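Q: This structure is in structure tokens; I'll ask about it shortly.
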Amino acid sequence: MNARDDSLTDWARIGAELDAQGSAVLEHLISPDECDELAAAYPDDALFRSRVVMARHGFGRGEYKYFSYPLPGVIARLRTELYPHLAAIANRWNETMGVDARFPDELRKFIKRCHAAGQRRPTPLLLQYGPGDYNCLHQDLYGEHVFPLQLTILLSEPGRDFTGGEFVMTEQRPRMQSRAEVVPLDKGDAVVFAVHHRPVQGTRGTYRVNLRHGVSRVRSGHRHTAGIIFHDAA
């Protein structure tokens, strides 16, 4: 079974949820077999350009690896197919926030822009967590050119493969305390979310809020996720 047909995705709903919450869930984005195949690839260092042990850098506990080019088939396909829909949302957000940057309608054009600026290293990644592991709140910013949306796919089954390990977002609004949100996911689901900023309509007009994301402590078992970031790294 392959990744779901992109034509089945309700982009109107996803856009509305991103506008309202800064995140949206794409249910059953990939099949259980695809989840298992990606998770099982973690030990194969030939697929990756680098490995990061979070504790060494103060990022949390656990580890992740950045894929090399060429990306695995399902990751490359999703990155290419999802990008145009998300670019439309990203351009609308930037216009609303008064940000000049606009994103082309095809991923290859945006990647060409990244590479011209020296951002040539692929950023899609595979993450692995064990008991007690967690990911501190952060933003995935890798250079001048930052695509404002990304997604994480859960490759493990909550309650069977692991407990704990919830996807967490925080949103900081001007002159207000931060708001936290936990996004429940099942195996094969993805959450699309804002990388850095998103617009919010207030009583005095539109303003931008600052977002971070992370993973709460895994209480038992092992948790794997795949992350798809659309800009490449310097």
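Q: Report the per residue volume, in Å³, of the convex hull enclosing the C-alpha atoms of the stretch 126-205.
A: Working: hull volume 11.0 nm³, N = 80.
Enclosed volume per residue, from the Cα hull, is 138 Å³.
Q: Here's something else I'd like to know. Semi-axes of the equivalent ellipsoid of the stretch 1-139: what are they in whole Å, largest first, if each equals the square root of 5 times a C-alpha gyration tensor eigenvalue?
A: The answer is 27, 20, 18 Å, longest axis first.
Q: Excluding ligands, DNA and RNA, what is the solvent-accessible area per residue of the chain at a probe of 1.4 Å, expressed in Å²?
A: Values: 11180 Å² over 234 residues.
Per-residue value: 48 Å².
Q: Still on this structure: Percent of Cα-Cα pairs per 10 Å bin, from 0 to the last occupied bin, for the chain, please list those.
A: For the chain, the binned pair fractions read 8, 33, 39, 18, 2, 0 percent.
Q: Can you work out the base-10 log of I(q)/I(0) for the stretch 59-181 at q = 0.11, 0.13 1/Å, using the Debye formula on its C-alpha atoms alone?
A: -0.50, -0.70
Q: Which value in deg cm²/dmol, rounded to the nearest 500, describes the helix-derived mean residue ellipticity at 222 nm for the chain, given -39,500 (n - 2.57) per DSSP H run of n ≥ 4 and division by the residue count?
A: Values: 5 runs with 59 residues, N = 234.
Dividing the helical sum by the residues of the chain leaves -8000 deg cm²/dmol.
Q: Any chance you could check the Cα centroid distance between the stretch 17-93 and the stretch 124-138 for me, in angstrom?
A: Between the Cα centres of the stretch 17-93 and the stretch 124-138 lies a distance of 13 Å.
Q: Extending each Cα 7 Å along its Cβ direction at ARG217 and ASP186, get the distance between those two points in nm, one decimal.
A: Computed distance between label sites ARG217 and ASP186 equals 2.9 nm.
Q: So, one more: On the accessible surface of the stretch 63-157, probed at 1.4 Å, how many percent belong to carbon and sulfur atoms?
A: Working: 2080 of 4010 Å².
Using a 1.4 Å probe with all protein chains present, the stretch 63-157 comes out at 52 percent carbon and sulfur.
The values are calculated or read from the model by the stated rules, or taken from the named source; none is laboratory data. These numbers come from a predicted model, not from an experiment. Note that each Cβ is placed from the backbone with ideal geometry, even for glycine, and that neighbours are counted across all protein chains shown. Quick note on the areas: whole protein, heavy atoms, side chains included, nothing else; ligands and nucleic acids left out. Shrake-Rupley method; radii C 1.70, N 1.55, O 1.52, S 1.80 Å.
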